[in-house]
Amino acid sequence: MIIINTKFYRLDKEKQERIINSAFKEFAKNGYEMASTNEIIKDAEISKGSLFSYFTSKKGLYLFLLDYVFVIVDKIYEELNYNETDFFIRTRELGLVKFRIMKKYPQVFDFLNTVSKEDAKEVKAEIEQIRNHAIKSGLEKGYQNIDWTKFRQDMDLSKMMKIINWTFLSFSEEQRSKLSSYENMGTEVLNEWDEYFDILKRSFYKQDF
C-alpha cells in the first residue's frame with residue numbers, strides 16, 4: 001500500500017519534514033488513539049485545516065507515516081553489497097547499515113517501535129498487512145544471493161534459520177526495551193551483536209568456514 005499525496009509533496013521540504021517529524025513524535029509518544037492532532041499542528045506550526053487538507057483524517061496521516069517508514073527501511077537494503085554471499089558477513093553489514101539509518105532517522109524508528117505494539121482497531125488491519133509485506137520483502141532482499149552451502153549438512157537448514165532469526169529478534173527486542181529513543185543508541189550494541197554472530201557462526205557453519 002503506497003499512499004501518493006501530491007498536495008503534501010508540493011510543500012517545501014522543510015515544511016514537509018516539520019509536519020512528518022511532529023506527527024512521528026506525537027504518535028510515538030501516545031499511540032494512535034491517544035495521539036492529538038492539535039499537538040501535531042501546534043508543534044508543526046500549521047493550522048488544523050491545513051493538516052486535514054493534506055491527509056483528510058487522523059487515520060490518513062497515520063497510514064501515510066507507515067508508508068513513509070518503510071520507504072526509509074528500504075534504504076537499508078539499497079546499501080547492501082549483494083556480491084557478498086556469506087550469510088554472517090552480509091547480516092553483519094545489514095546491522096551496520098541499519099545502525100546508521102536508525103541514527104539518521106531516530107524519530108522514524110521510535111514510531112516504528114510503537115507500531116509493533118499498536119492495537120487500535122481502526123488501524124490494526126493495515127498495520128498487520130504492511131508488517132507482513134515488510135517482513136517478506138526484507139527476508140527476500142536480505143537473503144538474496146547467499147551461499148547456503150557453508151551451513152552444516154547434518155542439521156535442518158530451515159530450523160537453523162529459525163534459531164538464528166529468533167536470536168536476532170530477541171536481541172533487537174532487548175535493545176529496544178533499554179532505549180527511550182533510538183537517538184540514544186550507542187555503538188556498544190554493535191559489539192554485543194558481533195559476539196552473537198560469532199557464536200551462531202561457530203554453531204551452524206561447517207568447520208572449514
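Scanning segment 157-171 turns up no residue that is touching a residue at least 60 places away in the same chain (Cβ under 8 Å), in contact with a helix residue (DSSP H, G or I) (Cβ under 6 Å, 6 or more places away or on another chain) and open to solvent by less than 60 Å² (accessible area, probe 1.4 Å).
Asn81 fulfils the conditions (1) open to solvent by 30 Å² or more (accessible area, probe 1.4 Å); (2) closer than 24 Å to Asn191 by Cβ; (3) in contact with a strand residue (DSSP E or B) (Cβ under 8 Å, 6 or more places away or on another chain) except for a single criterion, (3).
Just need a number here: residues in segment 104-151 that are part of a helix (DSSP H, G or I), within 27 Å of Asn191 (Cβ to Cβ), modelled with pLDDT under 90 and more than 12 Å from the chain's Cα centre (by Cα). The total comes to 4.
At pLDDT 90 or above, of a type in the set (Phe, Trp, Tyr) and more than 30 Å from Asp194 (Cα to Cα): does that describe Phe27?
Yes; evaluated as a whole, the condition is true for this residue.
Only one of the numbered conditions (1) assigned to a helix (DSSP H, G or I); (2) more than 11 Å from the chain's Cα centre (by Cα) is violated by Glu84, and that is (1).
For segment 34-62, the set of residues classified as within 30 Å of Gly95 (Cα to Cα) and out of contact with any Ser or Thr (no Cβ under 9 Å at 6 or more places or on another chain) consists of Tyr62 only.
Results for (1) open to solvent by less than 30 Å² (accessible area, probe 1.4 Å); (2) small (Gly, Ala, Ser); (3) outside any helix (DSSP H, G or I); (4) farther than 18 Å from Glu126 by Cα, shown as yes or no for each residue.
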residue	(1), (2), (3), (4)
Gln16	yes, no, no, yes
Ile19	yes, no, no, yes
Phe24	yes, no, no, no
Glu33	no, no, no, no
Ile41	yes, no, no, yes
Ile46	yes, no, yes, yes
Phe52	no, no, no, yes
Tyr62	yes, no, no, no
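Looking at segment 172-209 only, could you name the residues that are in a helix (DSSP H, G or I), within 22 Å of Asn113 (Cα to Cα) and open to solvent by less than 70 Å² (accessible area, probe 1.4 Å)? Residues satisfying the conditions are Ser172, Gln175, Arg176, Tyr182, Val189, Leu190, Glu192, Trp193.
The values are calculated or read from the model by the stated rules, or taken from the named source; none is laboratory data. Please read all numbers here as calculations on a predicted model, not as lab measurements. Virtual Cβ from ideal backbone geometry, glycine too; neighbours counted across all protein chains shown. These area figures cover heavy atoms from the full protein model, side chains too; ligands, DNA and RNA do not enter into them. Shrake-Rupley method; radii C 1.70, N 1.55, O 1.52, S 1.80 Å.
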